[in-house]
């Protein structure tokens, strides 16, 4: 899969990303690092433990990382959840979490084919 | 400049740090902190950070806490900060600017923007640093020649008093050490770095009144008679009079400080000194410190009527009240200033190539800071 196909598959904007970041090779290098980024799992654990402060911070980091890598669908899902626990406060709308899981899964699967 | 400029990236996400590092390229030396506390501890130990890229949401200490600390320690005056937060709400941006951030880069990071803003900020600060250095060099030249003049003047007086060639240098060094120790213990006297430098300089003039004391009394090896001692005591008021009758520069801080020191460096904390019998903090702090430095140097130096005591003995004698009573705070400073004997021993050598430049730098930075403070206050009004 090319990087262009990758971005199409995960709901990202290839053109916007390549205009911001140095080169295709570097984008790929960072995208391949994403599976090692701890913020998704931190967020998952924090939600299970109902640690809302950590949930806020982890979703905030996840949002920032996804945004920087141009993974827009993941970025938007994380940003919505992040705003919901901002304060920090408990997550009232549980339906905000599955889209984050789905977007993350989609990214990880696509990376495996990259 | 041969060395690379150093940029500290404080962001809790390793991915974001890696992206920024890659964007900045090889032209810089990159330091990384994964939370606010690490960032502060790097800034604390490493004075040579040229720029800080700072995230807001971080564990332990967040970006605002880091900015607050940087204000508290005045690092913000020298190290520019560019915010790199994913938080774009205007309240966050404003708060960061209010706390002294230079710039705000929103996400997603754009390489061209990151590079350009980093370069611009570094250039701006390099210009400021050059200006500070320029001012420092000017102050240095001025201070160097005026210090030399003062030292020559006080040496003229000392010259008649055959035994104490190094007395003036010792007084200056001891005054300096005591004052620096004092400001670490209390801010009661509101002494700035510039005040300390001024008192140190003026302390050289403490005995100018001796110019009018007959050499037969000044250099008498035995004990002075009551009349002779009364004459000797007048060196305080004579010195003050000389300064008081200066036909010029009456308003100069140096003259005012020197006046206090000349007149009151034989006053004692309990009011039993001379010439005015002032008590406690009625005695200006400059005179209190020089009085203690004077006594300490008299004890630790050889005189025609006595041998030199070592540091510990001298301190013990002073604490026992054998030379009169002193401000208890200053006595604390004296006991904790263990570096006194070595630094006095080196003061003659040190004086010849004393690091005026560092001091001038200090003073000019303090001046600039004061100016900046006034400007900020104006803006807030």
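Take every Cα pair under 8 Å whose residues are at least 6 apart in sequence, average their separation, divide by the length of region A:8-96, and the relative contact order is 30 percent.
With neighbour counts taken as other beta-carbon atoms within 10 Å, the residues B:147, B:336, B:13 rank, fewest first, as B:336, B:147, B:13.
Over the C-alpha atoms of region B:109-243, the Rg to Rh ratio, Rh being the Kirkwood estimate, stands at 1.26.
Judged by the ratio a/c of the largest to the smallest principal axis of the C-alpha gyration tensor, region B:255-300 counts as oblate, that ratio being 1.5 or greater while a/b is no larger than b/c.
Computed over chain A, the per-residue total of -39500 (n - 2.57) for DSSP H runs of n ≥ 4 gives a 222 nm mean residue ellipticity of -22000 deg cm²/dmol, rounded to 500.
Using only Cα atoms and rounding to the nearest 10 degrees, what angle (0 to 90) does helix B:193-203 make with the longest principal axis of chain B? So the helix axis and the longest Cα principal axis differ by about 20 degrees. The average projected area of region B:51-153, computed from the convex hull of its Cα atoms over all directions, is 8.6 nm². In terms of other Cβ atoms within 10 Å, B:49, B:118 run from fewest to most in the order B:49, B:118.
If you take the square roots of the eigenvalues of the alpha-carbon gyration tensor of the protein assembly as shown and sort them as a ≥ b ≥ c, do you get rounded (a/c under 1.5), prolate (a/b over b/c) or oblate? Prolate shape, in that a/c is at least 1.5 and a/b is the bigger ratio. Would you please give the FRET efficiency between residue A:112 and residue B:28, computed as 1/(1 + (r/R0)^6) with r the Cβ-Cβ distance and R0 = 35 Å, to the nearest 0.05? After rounding to 0.05, the efficiency reads 0.50. Pairs of Cα atoms nearer than 8 Å and 6+ residues apart set the relative contact order; for chain B it is 13 percent.
Note on region B:132-376: Rg/Rh from C-alpha atoms, Kirkwood Rh, equals 0.96. In this calculation the C-beta distance from residue B:281 to residue B:320 is compared with R0 = 25 Å, giving a FRET efficiency of 0.65. Over all orientations, region B:39-103 has a Cα convex hull whose mean projected area works out to 4.0 square nanometres.
With the Cα gyration tensor of region B:180-307 in hand, give its eigenvalues times 5 under a square root as the equivalent ellipsoid semi-axes, listed largest first in whole angstrom.
Taking √(5λ) for each Cα gyration eigenvalue gives 25, 18, 14 Å.
Projecting label points 7 angstrom from Cα along Cα→Cβ for residue B:144 and residue B:185 puts them 3.5 nm apart. Take every pair of alpha-carbon atoms less than 8 Å apart whose residues are at least six positions apart; their mean separation over the length of region B:5-109 yields a relative contact order of 25 percent. Counting every C-alpha pair in chain A, the share spaced more than 23 angstrom apart comes to 27%. The alpha carbon centroids of region A:16-59 and region B:1-29 are separated by 19 Å.
Just so you know, all these numbers are worked out from the coordinates, no wet-lab data involved. Remember, predicted model here, so these are calculated numbers, not experimental data. Note that we place each Cβ from the backbone using ideal geometry, even for glycine, and neighbour counts take in every protein chain shown.
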